[in-house]
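Q: Sending over a structure as structure tokens; questions will come in a sec.
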Amino acid sequence: MTEPSSSSAMPFAVVGAGSWGTALAIHAASAGHDVVLWGHDVDNVARLREERENAAYLAGIPFPATLRVTAVPEEALRDARLVISAVPSRFLRDVWARLGSSVAPDAHLISATKGIEEGSGLRMTELLREVIPVSVRSLSALSGPSFARELAEGQPTAVALGCADAAAAEQVQVALSYGPLRVYRNSDLIGVEIAGALKNVIALAAGIAAGLSLGANSSAALISRGLREISRLAVELGGRAETMMGLAGLGDLVLTCNGPLSRNRGVGVAIGRGQTLDEATRGMTMVAEGIATTRSVRQIARRHGVEMPIAEQVYRVLYGGTPARQAIDELLARALVEE
């Protein structure tokens with residue numbers, strides 16, 4: 001693996017010291033960039049500095065020597081020309097209301113959060129655009145099949161970068177593509193974000209089916225019909241159907257529905273085995289974005305008149321008290337239609 005040229009190396013900031021933010025910071029520092037990882041918890045930042053690893057999320061993976069960690073927004077953001085936001089969706093508004101004024105106007109801002117804000121129904125880039133007071137150079141979304149630990153370990157990973165500005169997308173693509181990570185450009189920002197958020201809802205359904213001891217037939221049906229639901233909503237909101245067949249759509253959906261590191265699938269498995277949502281999430285240190293996204297998606301789908309039967313049943317199981325087996329039976333009993 002070769003280091004990036006001096007022309008492609010740039011000052012990075014990664015906002016959010018969870019598993020994905022840490023993995024992206026490790027990757028960018030390994031690529032030769034000047035990287036600062038920002039975390040909100042002063043005590044935790046002190047531990048990261050001392051231990052030179054994120055033991056809570058990526059134990060055993062050391063930080064590159066050049067990776068810096070801070071809890072001071074200005075220290076992370078004042079010189080950064082590429083800023084990655086890896087904050088869970090439910091905290092994103094509050095975090096960026098605090099940090100937004102520190103972003104440089106010539107910075108490329110990338111959302112690496114796969115979610116939709118509850119209540120407003122905003123995609124993450126829409127939320128960032130609303131809350132950050134400066135007009136940044138470009139705004140994009142990074143999505144695709146990517147478990148944080150595997151990237152941090154150096155395992156080959158391919159993702160999509162949704163960005164409407166072709167020139168800006170190419171600059172970010174070059175900066176992020178190094179060693180195990182290959183980034184593909186996609187001008188369909190809406191489709192990339194919607195696919196990344198909604199696949200977590202379908203992964204909950206796949207986990208529920210697995211928790212009920214249903215087999216490969218059921219899993220394949222949920223993935224394929226789930227992809228159809230995601231496509232319907234994405235196109236209604238202005239995305240492209242072909243994006244759903246790429247890394248941000250099918251690729252991420254397959255990974256999250258089947259991968260053993262999938263938090264959303266894991267929550268679904270626990271619920272399928274009879275646990276309540278509170279029991280299934282008790283003690284989790286990482287966020288399963290699909291739980292909140294399920295509520296947001298139901299609201300958006302109803303507002304736009306888009307039929308999403310799998311997402312509707314996931315909502316009923318999580319929040320309406322519907323038994324998991326009954327939800328499966330109701331999906332099978334729907335009126336017969338043409339594919």
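Q: Could you list all residues from the stretch 289-339 that are under 23 Å from residue 195 (Cβ atoms) and among the polar types (S, T, N, Q)?
A: Residues satisfying the conditions are 293, 294, 296, 299, 313.
Q: Are any of the residues in the stretch 170-190 aromatic (Phe, Trp, Tyr), in contact with a strand residue (DSSP E or B) (Cβ under 8 Å, 6 or more places away or on another chain), touching a residue at least 12 places away in the same chain (Cβ under 8 Å) and farther than 18 Å from residue 18 by Cβ?
A: Looking through the stretch 170-190, at least one residue is aromatic (Phe, Trp, Tyr), in contact with a strand residue (DSSP E or B) (Cβ under 8 Å, 6 or more places away or on another chain), touching a residue at least 12 places away in the same chain (Cβ under 8 Å) and farther than 18 Å from residue 18 by Cβ.
Q: Just to be sure before I move on: is residue 82 surrounded by 14 or more Cβ atoms within 10 Å (Cβ to Cβ), in the same structural domain as residue 28 (by TED's automatic domain parsing) and under 24 Å from residue 121 (Cα atoms) in the structure I sent?
A: no
Q: Using the structure shown, decide if residue 172 is in the same structural domain as residue 26 (by TED's automatic domain parsing), more than 20 Å from residue 117 (Cα to Cα) and in a strand (DSSP E or B).
A: Criteria not met by residue 172.
Q: Within the stretch 288-313, how many residues turn out to be surrounded by fewer than 21 Cβ atoms within 10 Å (Cβ to Cβ), assigned to a loop (DSSP other than H, G, I, E, B) and in contact with a Lys or Arg (Cβ under 9 Å, 6 or more places away or on another chain)?
A: Total satisfying the criteria: 2.
Q: Next question. Residues being more than 22 Å from residue 248 (Cβ to Cβ), of a type outside the set (Asp, Glu) and modelled with pLDDT of 95 or more: count how many of those fall in the stretch 124-154.
A: 3
Q: Please state which of the following conditions residue 56 fails to meet, knowing it meets all the rest: (1) crowded, with 24+ Cβ neighbours inside 10 Å; (2) touching a Lys or Arg at 6+ places or on another chain (Cβ under 9 Å).
A: The number of the failed condition is (1).
Q: Another one. Going through 251, 268 one at a time, which residue ends up being within 22 Å of residue 111 (Cβ to Cβ) and not polar (S, T, N, Q)?
A: Result: 251 is the single residue among 251, 268 that is within 22 Å of residue 111 (Cβ to Cβ) and not polar (S, T, N, Q).
Q: Only residues that are surrounded by fewer than 19 Cβ atoms within 10 Å (Cβ to Cβ) and out of contact with any Pro (no Cβ under 9 Å at 6 or more places or on another chain): list them for the stretch 96-120, please.
A: Correct list: 97, 104, 105, 106, 118, 119, 120.
Q: Right, here's the next one. If residue 113 meets every condition in (1) touching a residue at least 12 places away in the same chain (Cβ under 8 Å); (2) outside any loop (DSSP other than H, G, I, E, B) apart from one, which number is that one?
A: Evaluating residue 113 over (1) touching a residue at least 12 places away in the same chain (Cβ under 8 Å); (2) outside any loop (DSSP other than H, G, I, E, B) leaves (2) as the failure.
Q: Let me ask you something else. It is to be established whether one or more residues within the stretch 264-283 are touching a Phe, Trp or Tyr at 6+ places or on another chain (Cβ under 9 Å), in the same structural domain as residue 324 (by TED's automatic domain parsing), surrounded by fewer than 16 Cβ atoms within 10 Å (Cβ to Cβ) and not in a helix (DSSP H, G or I).
A: no
Q: Confirm whether residue 191 is farther than 22 Å from residue 31 by Cα, modelled with pLDDT under 95 and among the small types (Gly, Ala, Ser).
A: Considered against the rule, which asks whether it is farther than 22 Å from residue 31 by Cα, modelled with pLDDT under 95 and among the small types (Gly, Ala, Ser), residue 191 comes out as no.
Q: Can you list the strands (runs of 3 or more DSSP E) found entirely within the stretch 1-106 that contain at least 3 residues being in contact (Cβ under 8 Å) with a residue 24 or more places away in the chain, closer than 24 Å to residue 147 by Cα and touching a helix residue (DSSP H, G or I) at 6+ places or on another chain (Cβ under 7 Å)?
A: 11-15, 34-38, 82-85
Q: Then there is this: Only one of (1) more than 24 Å from residue 221 (Cβ to Cβ); (2) polar (S, T, N, Q); (3) modelled with pLDDT of 95 or more fails for residue 285. Which number is that?
A: (3)
The values are calculated or read from the model by the stated rules, or taken from the named source; none is laboratory data. Bear in mind the structure is a predicted one, so any value in this text is a computation, not a measurement. So basically every Cβ, Gly included, is an ideal-geometry build from the backbone, and we count neighbours across all protein chains shown.
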